[in-house]
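To keep things clear, I will list the structure first and then write my remarks on it.
A short reminder: the numbers here are calculations on the coordinates, not readings from a lab. Every value quoted in this text rests on a predicted model; they were computed, and no experiment measured them. Every residue, glycine as well, gets a Cβ built from its backbone with ideal geometry; the counts of neighbours run over all protein chains shown.
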Amino acid sequence: MEGGVDVTKEVPPPPSYSQVTAQGSGGGIYTVPMGQGDLPPPYSPVPTAGESTINCQVCQAVINLEGQRHLTVVQCPTCKEGTAIQDPPPGQRRVRCVCNLLLLYPAGATKVYCVRATCRRLITVTNGIPMFSPAPMYCCVHCHQNFVYRGRTPLARCPYCSRVSAVGGQGRRKGLVYLVLGIILLAVATIITIGTYESAVEHGGYYVAWTGGFVAGIMFIIASLFYFIIPSSPPSSTQSSEG
Ligand SMILES: [Zn+2]
Ligand SMILES: [Zn+2]
Ligand SMILES: [Zn+2]
């Protein structure tokens with residue numbers, strides 16, 4: 001065995017893949033932790049026995065396989081992305097997101113979310129062909145980093161600076177709705193107050209109703225001011241293509 005690289009024996013077992021987070025077969029949504037994915041086999045330059053280096057699939061840097069032969073994926077020391085050196089485990093598939101992250105997913109899955117915080121693309125796999133849908137991205141008004149936000153509320157916390165801002169135009173819209181509601185409530189409360197003023201002298205209950213109406217109206221207006229004052233992070237103009 002002189003000179004040859006024979007690492008099929010006496011190597012530690014491969015590190016276990018972190019398991020996908022969702023169950024079920026077909027149609028499920030799966031996410032795979034970063035750095036543990038792989039390329040789809042057709043694109044994997046699986047090194048032949050004896051080769052001790054491989055080129056990174058992302059940046060083409062030379063990766064030394066010495067001591068890493070037992071792995072299915074090696075990490076590029078230059079760009080930190082993964083490159084497959086073995087087929088994926090049975091029942092698993094690999095896809096490389098357009099952000100370069102290598103993802104591993106169950107063979108039946110049709111929807112895979114990229115787990116990279118700056119990407120989060122939805123990858124729809126049809127007959128083994130991936131389609132990439134960019135996630136809604138916003139440019140943080142505080143730190144100017146682009147971040148992904150899929151939440152339903154108009155307020156988003158930036159993953160970089162942890163500060164909250166309104167995303168898109170949703171905050172302003174909600175503020176406007178609250179303002180209109182507040183004004184209507186105040187107007188109604190005022191009309192009722194005027195209309196029932198004389199009865200109120202006899203029935204104290206009216207005062208409670210008036211107060212409730214005014215307080216609710218003022219609360220809505222305060223809430224609307226909050227949405228108008230809070231800084232707004234606009235949709236990102238540059239859809240990240242590289243994480
Ligand atoms: Zn690389
Ligand atoms: Zn991605
Ligand atoms: Zn930020």
Estimated distance in nm for a label pair at Cys161 and Glu66, the labels positioned 7 Å out from Cα along Cα-to-Cβ: 4.5
Residues Arg157, Arg96, Arg116 arranged by fewest to most Cβ contacts within 10 Å: Arg157, Arg116, Arg96
Sequence-distant residues sharing a close amide H with Asn146 (under 5 Å, placed H): Cys140
Nonlocal amide H pairs with Cys56, under 5 Å, H built at 1.01 Å: Ala61, Val62, Ile63
Magnitude of the charge dipole, region 136-236, Cβ model with Lys/Arg +1 and Asp/Glu -1, debye to 20: 740
Ranked Cys139, Cys161, Cys119, criterion: other C-beta atoms within 10 Å, fewest first: Cys161, Cys139, Cys119
FRET efficiency, 1/(1 + (r/R0)^6) with R0 35 Å, evaluated for Ala117 and Thr53 via beta carbons: 0.65
Net lengthening on full extension, Ile184/Arg152 (0.36 nm per residue, minus Cα-Cα): 8.9 nm
